[in-house]
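First the structure, in the form of structure tokens, and then the observations on it.
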Amino acid sequence: MSDRRKFIKLGVAGTAALVTGCVGKNEEAAGDPKGAGGTSAQAKGAIVLSTWDHGMPANAKAWSVLQGGGSVLDAVEQGVGVIESDFSNRSVGLGGMPDRDGHVTLDACIQDHEGRAGAVAFVQRFEHPISIARAVMERTPHVMLVGAGAERWAQENGFSPRDVDIPEVRKAWTEWLKKGEYVPVANVENHDTIGMVAMDAQGRLAGSCTTSGMAFKVHGRVGDSPIIGAGLFVDGEVGAACATGVGELVIRNAGSHTVVELMRAGWDPTDACREAVQRILRKLPDPSGMQVGFLALRKDGSYGGWSVFNGFNYAVRFTEQEALVDAGHELKLP
Ligand code: ASP
């Protein structure tokens, strides 16, 4: 990390106060008891945001791509690609947790400011599902390929499968098999799906999302992460949003699309994320264990996030600054 950059862990309001070139918004809400991230902040120029603390290295890569003259689409692809290649990460890429049959199955999607989109779901043995998703977008008339068809298409298009045996993953599965219960739990460990939304200095937006999905899911289950409008949505005129957490809840509520549409209607990014969370909760009699987090970037450079429970954070990168921000939340974990 360069000396000139500061690594700061604080709420958005604090980030806005500390980072040169940022304008704090909704400052009066800074004391919001729901959480330090209960406000939006605004960056000038290029910005990269991504979910959870693994967003820090992902953002660093995306930023270097932008600085090197790469497109914002290159940035969001290569940024999350760093996490896909980190086999110590248990929720993204081939090092992710397996499904209940012991297979690691991957989902990813990508979208640009023109609304072009690509996705893959339920793919196995490929290190970079996000790059396959981009290739689907750029080389086919389709948006999404899944399963064996996606794998075959990937191989035909220059992607090589690989076999990775990770003892920790095998051990976790063996442990899980003892009870064999599928119970989605709220993530309190600060790592999960990576969703990234970014804007270059010219105001072009792009987003990416990649995951190994819920641990011990039913074989064949696909969550929100590869679904445009659920795990990710980018509208070049308005902004971008991405999601993490229990994918079924995000899909049922068209989560990321909802956030972007609220921003189109003039909502602040944090408020838009919060409203999307509240809509989920209104239809959920028992939210126990049901973490969902949204992250949003508006075309004017303002950004924010919100989650069902505390524990969701996101990484922000712009100018020479980076920060890890605790998002605001509706409910406190017991
Ligand atoms: N959203 C992902 C899924 O449902 C998992 C997660 O973010 O934890 O597959």
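Residues of region 279-334 that are surrounded by fewer than 19 Cβ atoms within 10 Å (Cβ to Cβ), acidic (Asp, Glu) and touching a strand residue (DSSP E or B) at 6+ places or on another chain (Cβ under 6 Å): Glu330 alone. The listed residues are Ser307, Ser256, and the only one of them that is of a type in the set (S, T, N, Q), touching a Ser or Thr at 6+ places or on another chain (Cβ under 9 Å) and either within 16 Å of the ligand (Cβ to nearest atom) or in a strand (DSSP E or B) (or both) turns out to be Ser307.
Yes/no matrix, rows are residues, columns are (1) more than 26 Å from Ala172 (Cβ to Cβ); (2) within 16 Å of the ligand (Cβ to nearest atom):
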{"position": "Ala75", "(1), (2)": "yes, no"}
{"position": "Gly95", "(1), (2)": "no, yes"}
{"position": "Leu106", "(1), (2)": "no, yes"}
{"position": "Arg125", "(1), (2)": "no, no"}
{"position": "Ala133", "(1), (2)": "yes, yes"}
{"position": "Pro141", "(1), (2)": "yes, no"}
{"position": "Met144", "(1), (2)": "yes, yes"}
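The numbered conditions (1) more than 21 Å from Val92 (Cβ to Cβ); (2) within 15 Å of the ligand (Cβ to nearest atom); (3) assigned to a loop (DSSP other than H, G, I, E, B) are all true for Ala276 except (3).
Does Leu232 satisfy being in contact (Cβ under 8 Å) with a residue 12 or more places away in the chain, open to solvent by less than 30 Å² (accessible area, probe 1.4 Å) and under 21 Å from Val325 (Cα atoms)? In short, yes. Candidates are the residues of region 91-107 that are in contact with a His (Cβ under 7 Å, 6 or more places away or on another chain) and farther than 24 Å from Val234 by Cβ; the one that is most open to solvent (accessible area, probe 1.4 Å) is Arg100. Gly245 meets the conditions (1) within 16 Å of the ligand (Cβ to nearest atom); (2) farther than 12 Å from Ser307 by Cα in every case but one. The failed one is (2).
Looking across Ile110, Ile166, one residue alone is open to solvent by less than 40 Å² (accessible area, probe 1.4 Å), over 17 Å from Cys242 (Cβ atoms) and not aromatic (Phe, Trp, Tyr). It is Ile166. Each residue in region 192-242 was checked for being within 12 Å of the ligand (Cβ to nearest atom), of a type in the set (A, V, I, L, M) and either part of a loop (DSSP other than H, G, I, E, B) or farther than 14 Å from Ser91 by Cα (or both), and 7 pass.
Criterion first (among the charged types (D, E, K, R), at pLDDT below 95 and either away from the ligand (no atom under 16 Å from the Cβ) or open to solvent by 30 Å² or more (accessible area, probe 1.4 Å) (or both)) does Glu189 satisfy it? Spell out the reasoning first.
Details: among the charged types (D, E, K, R): yes; at pLDDT below 95: yes; either away from the ligand (no atom under 16 Å from the Cβ) or open to solvent by 30 Å² or more (accessible area, probe 1.4 Å) (or both): yes.
For Glu189, the condition - among the charged types (D, E, K, R), at pLDDT below 95 and either away from the ligand (no atom under 16 Å from the Cβ) or open to solvent by 30 Å² or more (accessible area, probe 1.4 Å) (or both) - is met.
The values are calculated or read from the model by the stated rules, or taken from the named source; none is laboratory data. Treat the numbers as computed from the prediction; the structure is a model and nothing was measured. When we count neighbours, we look across all protein chains shown, and the Cβ atoms used for this are built from the backbone with ideal geometry, even at glycine. Ligands, DNA and RNA are excluded from the accessible area calculation, which covers all protein heavy atoms including side chains. Shrake-Rupley method; radii C 1.70, N 1.55, O 1.52, S 1.80 Å.
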